[in-house]
Amino acid sequence: MVFNTGAALLDAIVLAVVSKEEDGTYGYKITQDVRKAIEVSESTLYPVLRRLQKDDCLEVYDVECGGRNRRYYKITDRGGAQLNLYKTEWENYSSKISLLFSGEEII
């Protein structure tokens, strides 16, 4: 992709992916789902997950899986509110850019 993905957009994408699973989801699956929209490495994604956890947007818990613990991430109420804000901002932003690309005037 030729466009850079800023931190806020990456946060929004991660929150959207995690919010799809009511009981939460684990890091590798999050990476795979995010990669359906944008190319991102695990080394980029895990700091995002830690930051969202630190900001109380995600809660983290471990589940035993095959004799090992798998770390799960679940969206919090604060994370849901932040995701709603991101959705609103994205709709405003993307509609204006689409208007510019189509040659229409932004009101």
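The values are calculated or read from the model by the stated rules, or taken from the named source; none is laboratory data. Predicted, not measured: the structure shown is a model, and the values here were computed from it. With ideal geometry, Cβ positions are generated from the backbone for all residues, glycine too; neighbour counts draw on all protein chains shown. Just so you know, the surface numbers come from the protein's heavy atoms only, side chains and all, with ligands and any DNA or RNA stripped out. Shrake-Rupley method; radii C 1.70, N 1.55, O 1.52, S 1.80 Å.
Table for the structure above
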| read-out | value |
| --- | --- |
| Single residue of the stretch 37-51 satisfying the filter (in contact with a helix residue (DSSP H, G or I) (Cβ under 9 Å, 6 or more places away or on another chain) and without any contact (Cβ under 8 Å) to a residue 24 or more places away in the chain) that is nearest to N69 (Cα to Cα) | Y46 |
| Among the candidates Y28, Y72, residue that is in a helix (DSSP H, G or I) and farther than 23 Å from E89 by Cβ | Y28 |
| Residue within the stretch 47-54 that is among the polar types (S, T, N, Q) and part of a helix (DSSP H, G or I) present | yes |
| Residues (among the hydrophobic types (A, V, I, L, M, F, W, C) and either touching a residue at least 40 places away in the same chain (Cβ under 8 Å) or open to solvent by 50 Å² or more (accessible area, probe 1.4 Å) (or both)) located in the stretch 15-36 | L15, A16, V18, I30 |
| In the stretch 55-74, the residues that are β-branched (V, I, T) and at pLDDT 95 or above | V60 |
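Table: residues versus (1) open to solvent by 80 Å² or more (accessible area, probe 1.4 Å); (2) within 14 Å of the chain's Cα centre (by Cα).
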position	(1), (2)
V40	no, yes
Y46	no, yes
C57	no, yes
V60	no, no
N69	yes, no
